[in-house]
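Taken together, the values in this text are just the output of simple stated rules run on the coordinates, not laboratory data. Computed from a prediction, not measured in an experiment: that's the story for all the values here. Reconstructed Cβ throughout: ideal geometry from the backbone, glycine too, with neighbour counts over all protein chains shown.
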Amino acid sequence: MLRNQVQELVEQAVIAGQADASLPAIEMPQVEIARPKQPEHGDYSTNIAMVTAAAIRKATESKPNPRQIAQAIVDHMPDDPLISAAEIAGPGFINLRLAEEWLQEQVAAIVAAGDEFGTIDQGAGQRWQVEHVSANPTGPIHYGGARNAVLGDTLANVLEAAGYEVQREFYVNDGGTQFRLFIETLYARYAQLLGRDEPIPADGYQGDYMLDYAQQIVEEAGDRFLRMPRDAALTELRPLGRALVLVSLEEELAGMGVRYDNWFSEQTLYDEGLIEQSLNYLQERGELVKRDGAVWFLASNYPKHEKDVVVIRSNGQPTYFAGDIAYHYDKFLRRHFDKVIDVWAVDHQGHVPRMNAMMQAFGLDPDRLVILMYDLVKLIEDGKEKKLSKRAGNIITIQEVVEQVGADALRFNLLTRGPESTIEFDMDLAVREAKENPVFYVQYSHARICSMLDKARKAGFAPAAEFDEMDHSVLALLSQPSELALIRKLLEMEEQIATAVEKLSPHNLTYYAMDVAKAFNSFYRDARVIDPDAPALSQARVYLSQATQVVLARTLGLLGITAPQEMWRDDVEIDE
């Protein structure tokens, strides 16, 4: 990663300074590299001189001058084609500028990397799991679940780009009360379609989608389930009802570009004895106690949790938390994931401390389980919050929103804020074809580049298919401020991926996509890309445009958003 290369050069300068006694022979602090808030201060900056001065003061009780330390580091900076200047600023900051010649050559490197540009090897050898959505298999997913789906799916994309081996999992809650009510409702609707007056359970599911499921059962089985005892019919309906909903859920989620590697059934925790195994494991470690006829997990033994938690009720039935224990016992102690990210809605935050205690009771580092909480989504239409479904009458489904605004607009808008922030999703803006609509602005910019590259081919300025096919000599002509600014922005890709992984939130990529589009449109405004009177410069600018297309497509791909090659609109003004 570029930032790491800069860091290594500064570290070499520190080592060289100590070698000739320009710097004292003490254990030096970690070199930290940042980007200055003001671009005119350079490409990177480090406060190592001031941090080192503090360390020297503590070790020797002297009063070193940070600027003198900075000068010693600058004097020992290696002669490297990456850096053109190292400058001292303020009380001892060292500002570093990337060499123009090096920047120009990176256009070729980006084109050569293609779809793999920005990939880093941070997670090599580590197996992570991202479990997200995990709704009850009782019908369509409420639109609020779209944020869960998009967040988990995009985070998995980013982790893969950072070198992690990632499994995407949907936990199917098919072993509890809600699924039982779903099956009882399905049976009632099925019976009603065949003319029997069968009441829907008091807490059953009222949506019209239940009639759709029931009709499918009628078409497959006729009246077979009415010709057997009700309890037997309910038992046989369980796998059929589950399969119907999972097919529907998979299609619904695929419609917004979300896919899974594994659908884990809660029922398997019971069928395979995992609840008993996991509780026996905790019992052997002294983490359970019998009290008042129930079995309790001693969560109060661990920080951040004040109360013990029931895992087996006095009637002998396991609680929901017992299922959580068994599920994570399976994840960590049977499937051996290095890290697990569970994406949960913020209204479940009260359960987080007990999950932390569970990990410690397993004898595991609690940081290996991340509960990623996300806040609410408010749909805004015609300036008002949208609360009722036009079709189901009681919920707004993901499918309805996708049908109205499209999967790309939905994903982009749900990724513009960190998980902890509430999102107001303006559905009218999401479909507006104007630069004020961020997803349109980015996609239109990508399509504009594709259109321009097609014109360049016809004019004889072909983009390079391979690194070796590129005329590298023309890249030295890319010296205008808007050209160099665009190259610098493209080279942030690796750091953007690293930031998304560090924060476990990919929302920075939406802003990066907008920044790249803005930088390209500024370049396109300032530079005549195809100029028959300047063929070498035109070819260089075509290469730069091609590199920008690579980065925009890559960023949109990580976000799970399409990168269109055509968006025919002649009346849109997006130049900055």
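Shown here for region 273-358: GluC sites (Glu not before Pro) in loop regions (DSSP other than H, G, I, E, B) with at most 10 other Cβ atoms within 10 Å, namely Glu306. Between the beta carbons of Glu8 and Glu220, assuming R0 = 60 Å, the FRET efficiency works out to 0.40 to the nearest 0.05.
With a/c under 1.5 counting as rounded, go ahead and sort region 434-558 into rounded, prolate or oblate using the C-alpha gyration tensor (a ≥ b ≥ c being the square roots of the eigenvalues; past the cut-off, prolate if a/b is larger than b/c, else oblate). Because a/c hits 1.5 or more and a/b exceeds b/c, region 434-558 counts as prolate.
Charged side chains reduced to their Cβ positions (Lys and Arg at +1, Asp and Glu at -1) give region 177-254 a dipole of some 340 debye around its Cα centre. Among the GluC sites (Glu not before Pro) in region 436-477, those located in a DSSP loop and surrounded by at most 15 other Cβ atoms within 10 Å of their own Cβ are Glu436, Glu466. Where in region 193-214 does the label zone of Tyr320 land, with the point 7 angstrom along Cα→C-beta and an amide N cut-off under 20 Å? Output list for this probe position: 202-206. For the chain, the longest principal axis of the Cα atoms and the long axis of helix 209-221 meet at an angle of about 60 degrees. At an R0 of 22 angstrom, the distance between the Cβ atoms of Arg35 and Met1 translates into a FRET efficiency of 0.95. Site pair Gln480 and Glu27 shows an inter-label distance of 5.3 nm when each label is modelled 7 Å from Cα along Cα→Cβ. In terms of surrounding Cβ atoms within a 10 Å radius of their Cβ, Tyr281, Tyr320, Tyr524 rank from fewest to most as Tyr320, Tyr281, Tyr524. Note on region 102-183: the alpha carbon radius of gyration divided by the globular reference 2.2 N^0.38 Å gives 1.62. Among the trypsin sites (Lys or Arg not before Pro) found in region 1-71, those both in a DSSP coil and sparsely packed, with 13 or fewer other Cβ atoms within 10 Å of their Cβ, are Lys37. With neighbours defined as other Cβ atoms within 10 Å of a residue's Cβ, the residues Leu558, Leu151 order from fewest to most as Leu558, Leu151.
Let me know the charge dipole size of the chain about its Cα centre in debye, to the nearest 20, where only the beta-carbon of Lys, Arg (+1) and Asp, Glu (-1) is charged.
So the dipole magnitude of the chain works out to roughly 1340 debye.
What is the chain's relative contact order, in percent, from Cα pairs under 8 angstrom and six or more apart in sequence? For the chain, the relative contact order is 15 percent.
Rounded to the nearest 5, what is the percent of antiparallel bridges among the DSSP beta bridges in the chain? Mind dumping the intermediate values first?
Values: 21 of 44 bridges.
Of those bridges, close to 50 percent are antiparallel.
Computed from the C-beta positions of Glu276 and Glu165 and an R0 of 41 Å, the FRET efficiency is 0.85 to the nearest 0.05. Taken one residue at a time, the phi angles of region 519-536 give Karplus couplings (6.51, -1.76, 1.60, θ = phi - 60°) of 5, 5, 5, 5, 4, 5, 6, 7, 10, 8, 5, 9, 10, x, 7, 9, x, 5 Hz. Gly and Pro are set to x. Seen against the Cα atoms of the chain and their longest principal axis, helix 493-503 is set at about 40 degrees.
Applying 0.36 nm per residue to the separation of Arg97 and Arg432 and subtracting their alpha-carbon distance, the gain on full extension is 116.6 nm.
For the chain, the longest principal axis of the C-alpha atoms and the axis of helix 100-113 are separated by about 30°. Note on Lys339: aspartates and glutamates with a C-alpha under 14 Å away, same-chain residues under 8 apart excluded, are Glu131, Glu160, Glu165, Glu169, Asp330, Asp365, Asp367, Glu502.
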